[in-house]
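Undergrad: Just dropping this structure here.
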Amino acid sequence: FMNPLNSILIEGNVVRDVVLDETAKGTKFCHFSIAANRCYKSETGTFETEVSFFDVEAWGYVAELCASNCKKGRGVRVVGRLKQGRWTDNSGKKMAKIGIVAEHVEFRPVFKNEKSEKTKDSVGAPNVYKSQNMEAELAVF
């Protein structure tokens, strides 16, 4: 018997500022998108860049951390799992979309100026946070 594995690690840049929201029962959550680049050498020998966009959702304390640290353009590393959403649109067509549920998010350092001074939001945070039966870590890489 083989245990199913559903795990993903992706690095990229936040596409737009994250907005924190709350369920009717008071659970915090947020959605955001990241752009990940893939560079490769084409058949002609030139280097090409392929950009892919991924939708991410975060819950609980991880969502709160993302809301305060994920600003447009910020580099992030997301570790989580894939989740498929299914629904029927207004015309009755069945739809599906695969997104990422973040369980761990790391934030790249943000630099204030050309002298490479780190801003306040990129240092000084504790390393481990517990959130709703799962561990989430905040780290700077």
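Undergrad: Given the conditions (1) in a loop (DSSP other than H, G, I, E, B); (2) surrounded by 10 or more Cβ atoms within 10 Å (Cβ to Cβ); (3) at pLDDT 90 or above, which single one is not true for ASN90?
TA: The number of the failed condition is (2).
Undergrad: Among (1) open to solvent by 40 Å² or more (accessible area, probe 1.4 Å); (2) modelled with pLDDT under 95, which single condition is GLY45 missing?
TA: GLY45 satisfies all of (1) open to solvent by 40 Å² or more (accessible area, probe 1.4 Å); (2) modelled with pLDDT under 95 except (1).
Undergrad: All but one of (1) closer than 18 Å to PRO109 by Cα; (2) of a type in the set (Asp, Glu); (3) in contact with a strand residue (DSSP E or B) (Cβ under 7 Å, 6 or more places away or on another chain) hold for GLU57, so report the exception by its number.
TA: (1)
Undergrad: May I pose another question? Could we say that ARG81 is surrounded by fewer than 16 Cβ atoms within 10 Å (Cβ to Cβ) and without any contact (Cβ under 8 Å) to a residue 40 or more places away in the chain here?
TA: no
The values are calculated or read from the model by the stated rules, or taken from the named source; none is laboratory data. Not measured: the values here are computed from a predicted model. Using ideal geometry, Cβ is built from the backbone for each residue, glycine included, and neighbour counts are taken over all protein chains shown. Surface areas here come from the heavy atoms of the whole protein model, side chains and all, with no ligands, DNA or RNA. Shrake-Rupley method; radii C 1.70, N 1.55, O 1.52, S 1.80 Å.
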